Every structure is written in C-alpha cells, then in structure tokens.
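Coordinate-derived values only; no laboratory data. Only a predicted model underlies this, so the values are computations on that prediction, with no experimental measurement involved. Cβ: placed from backbone, ideal geometry, glycine included. Neighbour counts: every protein chain shown.
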Amino acid sequence: MSNSFIGSIDDGFDGDISIAVVTAVATERDVEPTELPPLYESIDPDALDALFAPTRTGGPRRGRLEFTYDGHAIVVECGSDLEITIDGTPAAAEPISAGRADRLGDSPTGA
C-alpha cells in the first residue's frame, strides 16, 4: 500500500467513515464493496460515523478505534487526517460518498 491518507478532516472529508472503511477493505481485497458482508455485522456504521463526526462547534474529532471486520483487524485514527489501517498495513483508498454507494446498489455498510 502506498499511503495511509484517506481524507483530511480539516479540509472537509465529505464521506462517511463507515463507507471509507468498507471501501478500503474492498480495495485491499480487490473486490467491489457490495461483495463484502454488511459492516453492521461487525460494528454499528451509524455509531462509527457519529464517533468521528465534527464537534458541535464544527471542529474535527480526534481519536482511535479498533475493531474486526470480515476477518481483518481495522484501525481508524482521526487527527488532522483520517487514516485506516487493515491488518497493520495503512490503507490507500478513495472514499466514496453515500450517494455513490446508493448508485452501486446496496449500501456497503448495510445501513
């Protein structure tokens, strides 16, 4: 993997983190996001998105969360950038918007 940068929170990362996680795992496995099991089987996608949503004053949230998704150890870290690590390897993925996920058919988060 070439880099761990997924999106800048300060520059207005406009995708859901749950979508970014599914997209990163799909990219790592070289499959379409819709070929993966629903994210909600591992973690609540709405809670994941809310955990790293901007604060009430509009500032970025910072933190780290580890969980398992489809047999992969996932680490999500938010600081000035959003970084997703899969099985210890930084993921390089283009996040997709919720609108694009809807056009793919089923939402990859299962929401």
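General remarks:
- Relative contact order, percent, segment 14-83 [alpha-carbon distance under 8 Å, six or more residues apart]: 22
- For segment 15-90, the percent of C-alpha pairs falling in each 5 Å distance bin, counted from 0 to the bin holding the largest distance, reads 3, 16, 29, 26, 15, 7, 3, 0.
- Whole-Hz Karplus values for segment 25-33 come out as 5, 4, 5, 4, 8, 6, 9, 6, x Hz, taken residue by residue from phi with 6.51 cos²θ - 1.76 cosθ + 1.60 and θ = phi - 60°; glycine and proline positions read x.
- For the pair A50 and D87 in one chain, pulling the backbone fully straight at 0.36 nm per residue adds 11.0 nm over the alpha carbon distance.
- When you count the other C-beta atoms within 10 angstrom of each residue and take the mean per peptide, 47-58, 20-31, 67-78 line up highest first as 20-31, 67-78, 47-58.
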